[in-house]
1. Sort out for me the strands (runs of 3 or more DSSP E) sitting completely within the range 111-225 that have 1 or more residues that are open to solvent by less than 10 Å² (accessible area, probe 1.4 Å).
2. Can you name the residue in the range 54-64 that is surrounded by 23 or more Cβ atoms within 10 Å (Cβ to Cβ) and among the aliphatic types (A, V, I, L, M) and is also nearest to the ligand (Cβ to nearest atom) among such residues?
3. Can you name the number of the only condition in (1) in contact (Cβ under 8 Å) with a residue 24 or more places away in the chain; (2) more than 12 Å from the ligand (Cβ to nearest atom); (3) out of contact with any strand residue (DSSP E or B) (no Cβ under 9 Å at 6 or more places or on another chain) that residue 75 fails?
4. Output the residues belonging to the range 31-53 that are more than 8 Å from the ligand (Cβ to nearest atom) and under 22 Å from residue 275 (Cα atoms).
5. In the range 2-21, how many are in a helix (DSSP H, G or I) and among the small types (Gly, Ala, Ser)?
6. Regarding the range 95-109, can at least one residue be identified that is open to solvent by less than 20 Å² (accessible area, probe 1.4 Å) and in contact (Cβ under 8 Å) with a residue 60 or more places away in the chain?
7. Inspect the range 230-243 for any residue being under 18 Å from the mean Cα position of the chain (by Cα), over 17 Å from residue 122 (Cβ atoms), among the aliphatic types (A, V, I, L, M) and away from the ligand (no atom under 16 Å from the Cβ) and give the result as yes or no.
Amino acid sequence: MAVRLREAMAAALYGADGFFRRERPADHFRTSVTASPVFATAIAHLVAGVDKALGHPDVLTVVDVGAGRGELLSQVYALIGRDSRVRPVAVELADRPAGLDPGIDWRPELPEEFTGLLIATEWLDNVPLDVAVVDPDGVPRYLLDDGSLGTPLDPADAQWTDEWWPLHDPGDTAEIGLPRDRAWADAVSRLTAGLAVAIDYGHTRADRRPTLTGFRDGREVEPRFDGSTDITAHVAVDALGVPVLRQREALATLGVDGARPPLDLATADPAGYLRALSGASQAAELLAEGGLGDHWWAVQTVTIEWTPWRLSQSWTR
Ligand SMILES: C[S@@+](CC[C@H](N)C(=O)[O-])C[C@H]1O[C@@H](n2cnc3c(N)ncnc32)[C@H](O)[C@@H]1O
């Protein structure tokens, strides 16, 4: 029997034999985390800033939701020198990877409460969602996994589309971001004090458009609901209800610089020049327009005032 896309996507990605239960994300697509270690260095700076803003608490928890294979936490934990006050927590539905640093907690659900940094890179785009399509009579209905249309939208989804992705004419299509808004709000509600950052590709009212797609083996493909592909849709970041800024602005403030090293370094210190050049090109990838630099950082503080950014200027509503 045909089912709504949210249910089909949940089964295909996270069911017993789902895509993310079996597959290593880095084998199928490139994220900021897996693109280069420069990203983890910037996040380590952020951890240090949050620690300072919190007055160096006895326990500083760093939670990475949708942690993949723990690539980000492993690097950040190593960079900050395995500080005994720091408790890294990977929240991930896939099994704990072999060889992960034993200091990293690995669990399928968020801690009930914690103080520190909550981070999610490319998690929300994989939170299953429904798609609404306006039928020939002008009624928005749920799209089913066989391509047919199901029932009219529930009141909460209808309200979400009215506010964030208005539908007008037959054929108009909206990806209903409400489950992402709720997932993020639930995650942030567990943060007693500190900073929460969701990093993802997304859109705002200014460039809203259907984006549901698949990835497999490094290529964009038709999404399949049989567990053989990733299934993802951009995040309606303005609907998260928190300030957002672009990754290129966020990382620049954290010291990521894509400028090439001066050419005279090549003669003075050829090895140093090559290292600097490689670092600059890795940074440039994370900052690139039309690429990872366009990703959004949705930022929320809890009890603290501090962030490295001047957020009011980046608020997109
Ligand atoms: C696109 S991958 C991102 C991996 C990593 N954060 C990165 O940026 O490279 C999304 C990950 O989120 C995980 N995930 C999705 N929903 C989750 C949930 N509710 N709880 C824990 N992990 C989840 C998936 O299993 C998958 O590993």
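1. Working: elements: 114-121, 130-134, 140-143, 149-152, 173-176, 191-200, 213-216, 219-221.
In the range 111-225, the matching strands (runs of 3 or more DSSP E) lie at 114-121, 130-134, 140-143, 173-176, 191-200, 213-216.
2. So the residue we want is 63.
3. It fails just one condition, (2).
4. 35, 36, 37, 38, 39, 40, 41, 42, 43, 44, 45
5. Looking only at that region, the number is 4.
6. No, that holds for no residue.
7. The answer is yes; a qualifying residue exists.
For every residue, the table says whether it meets (1) within 14 Å of the ligand (Cβ to nearest atom); (2) not hydrophobic (A, V, I, L, M, F, W, C).
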| residue | (1), (2) |
| --- | --- |
| 85 | no, yes |
| 88 | yes, yes |
| 102 | no, yes |
| 106 | yes, no |
| 115 | no, yes |
| 118 | yes, no |
| 124 | yes, no |
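The values are calculated or read from the model by the stated rules, or taken from the named source; none is laboratory data. Computed from a predicted model, the values in this text were never measured in an experiment. With ideal geometry, Cβ positions are generated from the backbone for all residues, glycine too; neighbour counts draw on all protein chains shown. Side chains included, ligands, DNA and RNA excluded: accessible areas come from the protein's heavy atoms. Shrake-Rupley method; radii C 1.70, N 1.55, O 1.52, S 1.80 Å.
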